[in-house]
Amino acid sequence: MTRLTSRDIDALPSGLADYDRILKAATGRSLLGIGAAAAGWADEDAIGRLASTIRMAVVPIRSGQGIIRGFTGSVTAILAYLGFDAWVTRQTDVAGFAEAVDAGAHVIFAADDHRFVAVCLRHGRTVDNARATADGFVAGLDLMAGGLHGGRVLVLGCGRVGRWAVPALLKRGARVCVADRIPARAAHLAARHSGETIAVAADVDNALDTHDLIIEATDAADVIRARHIRAATRISAPGMPCGVSPNAMEQLGGRLLHDPLQIGVAAMACSAAGIVSGTMSTYEGEASS
Ligand code: 2YG
């Protein structure tokens with residue numbers, strides 16, 4: 001899992017309104033709309049009405065490699081932009097958790113070097129960023145493609161996000177092919193879904209030549225080049241750094257979704273809102289993940 005840098009997120013809070021416009025142009029939905037679709041809400045209006053009543057605390061965590069300057073501020077800016085009552089706790093770590101609970105938070109967002117979760121305090125449920133990111137970018141691809149049912153989708157990168165993208169795609173009726181620079185990882189992921197027909201790409205380049213719909217979830221840059229882009233190509237790219245080369249981006253125009261945090265946090269927030277408001281529990285078994 002890639003560790004963000006301040007450089008990745010410095011301009012994020014001030015760029016949210018512009019990014020929303022880009023999302024609407026590419027998918028027809030806002031950041032809230034994509035988060036709502038990812039979390040299984042019928043529409044974003046229901047969340048929009050609820051959001052201001054849901055208190056979300058973001059706690060800085062100093063363990064491991066420590067604080068990333070701008071990380072908790074960016075998460076909070078995204079949550080506030082979506083309409084949630086969000087704030088960064090004054091204290092960090094355990095003191096921050098206690099402060100959040102004492103302040104009546106419904107949900108706590110926190111990340112160390114291994115997990116980024118939203119904890120629904122009164123429901124004993126967690127929402128994991130890797131799964132929510134996969135759900136968010138799959139929802140975005142679904143919207144860009146006008147529906148994935150029966151569509152052939154390539155999942156490039158079989159790490160945590162790629163692994164969660166497979167069930168999200170299958171749920172939408174897509175026909176999935178997985179690829180990874182380590183072939184055994186692709187084969188292992190396909191075997192986990194033995195009840196389904198998951199193709200395993202023998203060669204990444206060939207897979208890119210034969211798939212128009214792509215989830216790019218690798219931690220490498222420039223995996224997808226201009227020669228792989230066709231008029232029908234649409235790419236949803238949660239991977240950091242972006243795996244689509246600058247020339248390929250230019251060819252794609254508005255047919256690319258990529259960001260360091262926004263869609264994943266929006267999907268986390270909408271899923272947590274579902275759990276907290278009790279209207280749905282779209283994340284079965286989240287607590288075990
Ligand atoms: O609280 C802090 O400032 C730090 N403990 C945050 C550390 C986050 C480490 N994780 C990552 O940078 C990413 N896995 C976050 C999610 C990226 C989603 N594309």
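The values are calculated or read from the model by the stated rules, or taken from the named source; none is laboratory data. This is a predicted model, so every value here is computed, not measured. Backbone-built Cβ (ideal geometry, glycine too); neighbour counts: all protein chains shown.
Scan segment 167-186 and report the pairs whose first residue is among the basic types (Lys, Arg) and whose second residue is part of a loop (DSSP other than H, G, I, E, B), with Cβ atoms within less than 6 Å and a gap of 6+ or a chain change. From segment 167-186, the pairs are 172/148; 185/158. Between residues in segment 64-77 that are free of Cβ contacts under 8 Å to residues at least 12 places away in the same chain and residues that are within 9 Å of the ligand (Cβ to nearest atom) and in a loop (DSSP other than H, G, I, E, B), which pairs lie under 7 Å by C-beta distance while being six or more apart or on different chains? As it stands, the answer is none, since no pair meets every condition given. All conditions in (1) near the ligand (Cβ under 9 Å from one of its atoms); (2) part of a loop (DSSP other than H, G, I, E, B); (3) under 15 Å from residue 271 (Cα atoms); (4) not β-branched (Val, Ile, Thr) hold for residue 130, with the sole exception of (2). The residues in segment 58-102 that are touching a Phe, Trp or Tyr at 6+ places or on another chain (Cβ under 9 Å), part of a strand (DSSP E or B) and more than 9 Å from the ligand (Cβ to nearest atom) can be counted, and the count is 1. Is it true that some residue in segment 1-10 is in contact with a Phe, Trp or Tyr (Cβ under 6 Å, 6 or more places away or on another chain) and either crowded, with 20+ Cβ neighbours inside 10 Å or more than 24 Å from residue 252 (Cα to Cα) (or both)? No, there is no match, as no residue in segment 1-10 is in contact with a Phe, Trp or Tyr (Cβ under 6 Å, 6 or more places away or on another chain) and either crowded, with 20+ Cβ neighbours inside 10 Å or more than 24 Å from residue 252 (Cα to Cα) (or both).
Note on segment 37-48: residues that are out of contact with any Gly (no Cβ under 9 Å at 6 or more places or on another chain) and in a helix (DSSP H, G or I) total 2.
Restricting attention to segment 237-246, does a residue exist that is over 22 Å from the mean Cα position of the chain (by Cα) and either more than 16 Å from the ligand (Cβ to nearest atom) or modelled with pLDDT under 95 (or both)? No. Of 248, 207, 187, all but one fail to be aliphatic (A, V, I, L, M), farther than 30 Å from residue 120 by Cα and surrounded by fewer than 21 Cβ atoms within 10 Å (Cβ to Cβ); the exception is 187. Within segment 188-230, the set of residues being assigned to a loop (DSSP other than H, G, I, E, B), small (Gly, Ala, Ser) and over 21 Å from residue 139 (Cα atoms) comprises 194, 195, 201, 202, 220, 221. Would a scan of segment 22-29 turn up a residue that is away from the ligand (no atom under 16 Å from the Cβ), at positive phi and either outside any helix (DSSP H, G or I) or touching a residue at least 24 places away in the same chain (Cβ under 8 Å) (or both)? Yes, that holds for at least one residue.
Residues in segment 84-100 that are β-branched (Val, Ile, Thr) and surrounded by 13 or more Cβ atoms within 10 Å (Cβ to Cβ) were compared, and the one that is nearest to the chain's Cα centre (by Cα) is 88.
Taken as a whole, the structure places residue 107 among residues that are touching a strand residue (DSSP E or B) at 6+ places or on another chain (Cβ under 9 Å), buried (at least 22 other Cβ atoms within 10 Å of the Cβ), farther than 20 Å from residue 4 by Cβ and modelled with pLDDT of 95 or more.
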